[in-house]
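Enquirer: Here you go, one structure.
The values are calculated or read from the model by the stated rules, or taken from the named source; none is laboratory data. Predicted model only: the values in this text are computed from it and were never measured. FYI the Cβ positions are ideal-geometry reconstructions off the backbone, even for glycines, and counts take in every protein chain you see.
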Amino acid sequence: MLFSFESFATLNHWLGAFWRLIWLNLLWTAVTVLGLVVVGIGPASYALARCLDGWLRRGEPAPTARSFFRHAREQGFRPVVMGWLLLGAGTVIGVNLVSLSDWYLRAANLVALAALLLITAYVFFVMAATEVVGIRRQVVTALLLGLGSLHWSVLGGTAVALVYLAMFRFAMPLLFLLGAVLPALLVALILRSAWRGVADPATAAGRSADGGASAGLSHAVRADALPPG
């Protein structure tokens with residue numbers, strides 16, 4: 001017997017998870033396009049973060065179209081405003097990088113671009129998994145989370161970029177099927193460990209004594225966002 005039943009079950013599990021990621025990416029694309037990008041990208045990104053966080057960390061059922069659209073509406077206009085803020089900041093930085101010639105100004109804008117990428121990666125997960133309210137506080141929290149997990153963010157971002165390059169060269173359809181969900185999946189996996197540390201009283205106390213940024217989140221993580229058990 002070449003494969004055992006457990007091997008087929010494991011393969012089926014991973015293929016099912018792969019399909020769910022493709023389905024989430026298609027739903028993200030649909031909501032973004034239906035919102036003409038400017039209005040849709042914020043709610044779509046929030047719903048993607050909410051679905052991945054619940055599915056991978058809290059053990060919620062695999063996301064469906066109904067749950068995705070429900071999450072896209074649950075915070076009202078706030079994800080739209082966050083999307084506008086990120087798009088506006090990205091536009092300003094992009095124009096500056098193209099138009100400015102002084103090296104120090106370009107360097108400052110590159111630093112701002114790196115900070116914006118960290119904020120964009122984490123801010124919708126902050127909105128989905130914590131009780132932090134207010135755009136300024138959510139942005140600051142996202143930046144602190146990104147800096148606190150900077151090594152994983154850099155390593156994971158490099159891996160995602162290499163996967164993008166491989167798909168671009170050898171499997172272009174996969175780039176359209178997985179393009180948005182891969183970086184979100186990376187952040188969800190990074191934060192699964194971070195939130196578990198926040199939920200652990202001993203870990204949280206140790207980080208508080210060290211003045212760590214995650215200690216400030218110990219009272220902000222939503223009660224229903226903590227890992228089971």
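Enquirer: If a residue must be surrounded by fewer than 17 Cβ atoms within 10 Å (Cβ to Cβ) and either modelled with pLDDT of 95 or more or of a type in the set (A, V, I, L, M, F, W, C) (or both), how many such residues does segment 40-60 contain?
Expert: Qualifying residue count, segment 40-60: 1.
Enquirer: Among the helices (runs of 4 or more DSSP H) contained in segment 143-206, which hold 2 or more residues that are modelled with pLDDT of 95 or more? Break it down stepwise before answering.
Expert: Values: elements: 150-170, 172-178, 181-199.
Qualifying helices (runs of 4 or more DSSP H): 150-170, 181-199.
Enquirer: Moving on to the next point. Can you tell me which residue among VAL31, VAL132 is surrounded by 13 or more Cβ atoms within 10 Å (Cβ to Cβ), of a type in the set (Val, Ile, Thr), touching a helix residue (DSSP H, G or I) at 6+ places or on another chain (Cβ under 7 Å) and under 16 Å from ALA180 (Cα atoms)? Before the answer, list the steps.
Expert: Values: VAL132 fails: under 16 Å from ALA180 (Cα atoms).
The match here is VAL31.
Enquirer: For residues that are β-branched (Val, Ile, Thr) and without any contact (Cβ under 8 Å) to a residue 40 or more places away in the chain, scanning just segment 140-163, find the one that is farthest from PHE124 (Cα to Cα).
Expert: So the first thing to find is which residues in segment 140-163 are β-branched (Val, Ile, Thr), and the list is 140-141, 154, 158, 160, 163.
Among the residues that remain, those that are also without any contact (Cβ under 8 Å) to a residue 40 or more places away in the chain are: 140, 154, 158, 160, 163.
Values: VAL140: 12, VAL154: 19, THR158: 21, VAL160: 19, VAL163: 23 Å.
Here the residue is VAL163.
Enquirer: Name the residue, out of VAL160, VAL154, VAL126, that is under 23 Å from GLY54 (Cβ atoms), under 15 Å from the mean Cα position of the chain (by Cα), surrounded by fewer than 21 Cβ atoms within 10 Å (Cβ to Cβ) and aliphatic (A, V, I, L, M).
Expert: On the way: VAL154 fails: under 23 Å from GLY54 (Cβ atoms); VAL126 fails: surrounded by fewer than 21 Cβ atoms within 10 Å (Cβ to Cβ).
On inspection, the qualifying residue turns out to be VAL160.
Enquirer: Please indicate, with yes or no, whether at least one residue in segment 91-108 is touching a residue at least 24 places away in the same chain (Cβ under 8 Å), surrounded by 14 or more Cβ atoms within 10 Å (Cβ to Cβ) and under 25 Å from GLY157 (Cβ atoms). Reasoning before the result, please.
Expert: Taking segment 91-108 and keeping what is touching a residue at least 24 places away in the same chain (Cβ under 8 Å), we get none.
No, segment 91-108 has no match at all.
Enquirer: Next up: Is there any pair linking a residue in segment 45-63 that is touching a residue at least 40 places away in the same chain (Cβ under 8 Å) and closer than 24 Å to LEU34 by Cα to one that is small (Gly, Ala, Ser) and loosely packed, with under 15 Cβ neighbours inside 10 Å, with Cβ under 9 Å and at least six apart or on different chains, and which?
Expert: Cβ pairs passing all conditions: ALA62/GLY16; ALA62/ALA17.
Enquirer: Anything in segment 58-103 that is touching a helix residue (DSSP H, G or I) at 6+ places or on another chain (Cβ under 9 Å), acidic (Asp, Glu) and assigned to a loop (DSSP other than H, G, I, E, B)? List them, or say none.
Expert: The answer is GLU60, and nothing else.
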